[in-house]
Amino acid sequence: MNSRLAMFIAAGILATFAVLGTSLVAFTHSATKARIAANERETLLRSLHALVPPDTVDNDMVSDAIVVQAPERLGSESTTVYRGRKMEQPVAAVLTSIVPNGYSGPIKLLVAVRYDGTLGGVRVISHKETPGLGDKIEASRSDWIHGFNDKSLSDPPLEKWHVKRDGGVFDQFTGATVTPRSIVKAVKNTLLYAQNHKEALYDRPATSPTTATQG
């Protein structure tokens, strides 16, 4: 076998291994990406059902989503809204509101607003608060966030949607008012937005969160 032929054979073997290696990496990446997406979807669905019990809806809330733009009320340029329905009738909307002015940075919320205007609940899904302060806003560590359950713009009255230090009905934390004050304001603003856009929130067809905008 001459040296030129040997070089061609060696090059062919290397090319084959390169193609096989690239294909394996691509397959592994695709499979991993799909698994991660499935896990993220399941985690989101569990979070939504913690606020909108699964026996109260019969649609896929993750798929029945739109994106709205109301930074003055919802805290960010784009906000995803997941809709819950039963027999095609609206049950609740879960808005991914942002508290822009937490003590240590933005706080991401899930705010469930029932079709009748009452709160199904509020959950903090991401924050940068200090450990002691952050514990008080997490549902798994404190009951404070559960204080929003079943509240509405009439219960308490709108003028009472403040922490007690500011004349409202919501508890603040000992030695810390900024975070609870900001969360109360964000939840109130979310309720106001949901009230003012009640029908539109449910009438718009579901659209990919990356492309949907509010008309």
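Apart from one condition, residue 90 fits all of (1) of a type outside the set (D, E, K, R); (2) crowded, with 21+ Cβ neighbours inside 10 Å; (3) touching a helix residue (DSSP H, G or I) at 6+ places or on another chain (Cβ under 6 Å); the exception is (2).
Looking only at segment 109-143, count how many residues are exposed (fewer than 14 other Cβ atoms within 10 Å of the Cβ), under 18 Å from the mean Cα position of the chain (by Cα) and among the basic types (Lys, Arg). Residues that pass the stated criteria total 1. In this structure, residue 83 does not qualify as modelled with pLDDT under 95 and either surrounded by 12 or more Cβ atoms within 10 Å (Cβ to Cβ) or outside the structural domain of residue 157 (by TED's automatic domain parsing) (or both).
If we keep just the residues of segment 81-108 that are among the hydrophobic types (A, V, I, L, M, F, W, C) and farther than 22 Å from residue 69 by Cβ, which is nearest to the chain's Cα centre (by Cα)? Once the filter is applied, the top-ranked residue is 91. Test residue 104 against the criterion of being out of contact with any Asp or Glu (no Cβ under 9 Å at 6 or more places or on another chain), more than 30 Å from residue 203 (Cα to Cα) and in a loop (DSSP other than H, G, I, E, B), and give yes or no. Here the answer is no, as residue 104 does not meet what is asked.
Answer yes or no: is there a residue in segment 139-161 that is of a type outside the set (Ser, Thr, Tyr) and at pLDDT below 90. Explain how you work it out, then say what you get.
Residues of segment 139-161 of a type outside the set (Ser, Thr, Tyr): 139, 141, 143-151, 153, 155-161.
Then keep just the ones that are at pLDDT below 90; that gives 139, 141.
The answer is yes, given that some residue of segment 139-161 is of a type outside the set (Ser, Thr, Tyr) and at pLDDT below 90.
Does segment 121-131 contain any residue that is without any contact (Cβ under 8 Å) to a residue 12 or more places away in the chain and more than 29 Å from residue 86 (Cβ to Cβ)? Checked against the condition, which is being without any contact (Cβ under 8 Å) to a residue 12 or more places away in the chain and more than 29 Å from residue 86 (Cβ to Cβ), segment 121-131 yields at least one hit.
Tell me whether segment 125-136 contains one or more residues that are part of a strand (DSSP E or B) and of a type outside the set (Asp, Glu). Yes. Considering every residue within segment 1-18, establish whether at least one is at pLDDT below 95 and in contact with a helix residue (DSSP H, G or I) (Cβ under 9 Å, 6 or more places away or on another chain). Within segment 1-18 (the criterion being at pLDDT below 95 and in contact with a helix residue (DSSP H, G or I) (Cβ under 9 Å, 6 or more places away or on another chain)), the answer is yes, since at least one residue qualifies.
The values are calculated or read from the model by the stated rules, or taken from the named source; none is laboratory data. This is a predicted model, so every value here is computed, not measured. A quick note on method: Cβ atoms are made from the backbone with ideal geometry, for glycine too, and the neighbour counts reach across all protein chains shown.
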